[in-house]
Amino acid sequence: MPHERKGRSTLEDASEARARTGSPAVVLDKEADVQHVVSLFRRGSWDRQLLDGARREAQIAEQGAVDYDQKPWSLLYQALINSLGASPQTFQMVYPFTAWNWPTQQVGFIGAAQYDFCSSSPQWSAVGMYASGGDRFNQAYQEFLNVIVAATDDPALRARIREADDALTAATNDYTIVYNQARSAYADDPDVQDNVPPFSKWLGTPAGKGWQTQITRAEVKMTQAQKNYDALVDQAQTPGLADAQNQFKNTEFYSKLNDPGLSTFPKVPNWSTSQNAATWVDRVKAGQGPAGGTMGFTNRDASYDYSNTWAGGSLAVRQFFWEVQVSGSWQRMTEFETDQQLEVSIEFDALDQIQIQGSDWYNGSFLRSKANGPFKRGYSAYGGDGTQAVFGKKGFVGLLKTGMYVGYKPTFTIKTSKSTFNRFLEQFKAATALRIGPFTFSAEGGSEKSGWNASEQGQTFTGTSTSDTPLIIGLSISELPNGSDEQKTLTAQEPRGRCYKFGGHEGDVLAEGVTEEACAALGGESWKPAKAIAAITPLRNLRVNQEGAPFTEVLQGPDAEMQLLNGVQHVSVFPPFNLLNGGPDHVHLYRIRAINALTGQPVDLHLMRFGGIAPHTGAARFADQ
């Protein structure tokens, strides 16, 4: 059983040892008559999440108050899941305010803001704080691979693997310490506000350049130690482990950070999104984007019970819910917290869910196949009996981001009591921005110039953000190891269309419904897509009628009730492909992922829905499994 230390963390021990000796961080854990190096990354994941929150609280404490009102955060969480159609089993609301303004990248490059947001592991909380310098999921996945037993019957090879593992863990500890020291410096930098600039970009600034050098130096050593370990794992017998390790380190799945200040920084595992921000905004402005939505609550509503969520609860939110910006300074709006007549409504011109996906360095199937190990001694799936958890709240590879909810052009309407209205009126007139929870409403040039309005008769404040930048509202969370399958997303189908014999869409039509590549193979000189196809991401769950009724072709109501074949117990519905035919009616193709309770096997259904307004009907069929 691992040796427990009282009153100190392994990270503290390692940091002090490194400071005294300048040597790599080596903290020993006794295992019978054998000593192993303790992994600081694996053992300290939960502590680092708490530390991020403590740092933020310390920064706000300097302003003289830390008594955050938690109730409106819970009310907004409930309003969001109701408006978005999101499930509390997968939804996380995030703060502080995070803009979705990531530039479109060339192949082989990724922006710092996109990399930091997509790769950072979510906080284990229904309302989670985003820290751009947080633990990276890609490192957590690599650590998962490193705790799978590399089985061999050769005692000499087994001893060499153990020695290489200790050397790798020591090198990783050295990297973890330097990285966390850089995170502390980033958090203390007065020029950093709410993850702006993001951590990776900050490493390229004068304030972070020295830390970039140290992190790069430590990463080079860690990477070499990983290569030495992987070379021995290649000789072992654990099915799929060597392939997964080789897949992870394949630099074809990596990208360079595009900031000029990071030109010497090593490549990072690539993360992509199903749409880019600029194109998405253009579509919305052209009237071709997703629909909007409205959400709201009153101070009289009862707090939402977070025990219904995937996290089973929520850490205290360390941010004031109501704030107004006047003369460049944010001020807390305490009168809004206590006004029992307050009602707030928030309307977005467009709401959407954007898929987030790691490149093929990540092998989710292998992770699921090793959900129960075999893990190295001292580790187990969910902890207990003195072991370190791999998954779950106290694990180091517990959560994966599969998507993000984004909103555009929010409008607020706040109705208050007469006394609150009168007290806030002058601040409102001088405001240049307003915060409601994680949402920031910009008023460029001031509230009056931006068209914001205060109605004394109605005791209401209204305004629309002047910013054209979409904001990130929340996340789709996949709880590993099995959630990654439930939240599996689908990629857009390759467009198909009409193949013409001559250029300019002229001459004989050689084929219908073929890809552009297939058209060229047929000798066609031009090709025209038949329809625009949007990407698919998970949207909501449906409850399935379990009464054993025969298969039906009817899907009813805005939230839908579907009767399926006997034994199908759970389905996830994906937003439609919009097949834009130019007419008033659209045809929507859904792919539905189900689990057959009788066989335990996944089943794919295809459903075609006609029309765009509920109630609607459609025809469904089983697809090839």
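Rounded to the nearest 0.05, what FRET efficiency do Asn228 and Asp67 have when you use their Cβ-Cβ distance and R0 = 60 Å? The value I calculate is 0.70.
Of the peptides 85-92, 402-409, the order by per-residue mean of other Cβ atoms within 10 Å, starting with the highest, comes out as 402-409, 85-92. The distance separating the Cα centre of the stretch 315-372 from that of the stretch 88-150 comes to 14 Å.
For the cross-link pairs Lys71/Lys401; Lys285/Lys409; Lys227/Lys393; Lys209/Lys256, which exceed 21 Å when the distance is taken from alpha carbon to alpha carbon? Over 21 Å apart, Cα to Cα: Lys71/Lys401; Lys227/Lys393. Charge tally for Ala278 (other residues, Cβ to Cβ under 12 Å; Lys, Arg +1; Asp, Glu -1): 0. Round to the nearest 10 and report in Å² the accessible area of Glu163, as given by a 1.4 Å probe over the protein chains' heavy atoms. That residue has around 130 Å² of solvent-accessible surface. Put a dot 7 Å past the Cα of Glu506, heading toward its Cβ, do the same for Leu522, and the two dots end up 2.0 nm apart.
Computed from phi, the 3J(HN,Hα) profile of the stretch 442-447 under the Karplus parametrisation 6.51, -1.76, 1.60 (θ = phi - 60°) reads 8, 10, 4, x, x, 5 Hz, with x in place of Gly and Pro.
For the listed peptides 252-259, 298-305, a ranking on the average number of other beta carbons within 10 Å per residue, highest first, reads 252-259, 298-305. Taking other residues whose beta carbon is less than 10 angstrom from the beta carbon of Asp301, and scoring Lys, Arg as +1 and Asp, Glu as -1, yields +1.
Between Gln341 and Leu157, residue separation times 0.36 nm minus the direct Cα-Cα distance comes to 59.1 nm.
Temperature 25 °C, viscosity 0.890 mPa s: under these conditions the Stokes-Einstein estimate for the stretch 107-244, based on its Kirkwood radius over C-alpha pairs, is 146 µm² per second.
For the stretch 273-280, putting each phi into the Karplus relation 6.51 cos²θ - 1.76 cosθ + 1.60 with θ = phi - 60° gives couplings of 10, 6, 9, 9, 4, 4, 5, 4 Hz, in residue order, rounded to whole numbers and with x for Gly and Pro. Other residues whose C-beta falls under 11 angstrom from the C-beta of Gly507 contribute a net charge of -2, scoring Lys and Arg +1 and Asp and Glu -1. Packing, taken as the mean count of other beta carbons within 10 Å per residue, orders the peptides 390-399, 242-251 from highest to lowest as 390-399, 242-251. The orientation-averaged shadow of the Cα convex hull for the stretch 408-470, equal to a quarter of the hull surface, comes to 4.1 nm².
The values are calculated or read from the model by the stated rules, or taken from the named source; none is laboratory data. As the structure is a prediction and not an experimental result, all values here were calculated from the model. Note that each Cβ is placed from the backbone with ideal geometry, even for glycine, and that neighbours are counted across all protein chains shown. Side chains are part of the model used for accessible areas, which takes the heavy atoms of the whole protein and leaves out ligands, DNA and RNA. Shrake-Rupley method; radii C 1.70, N 1.55, O 1.52, S 1.80 Å.
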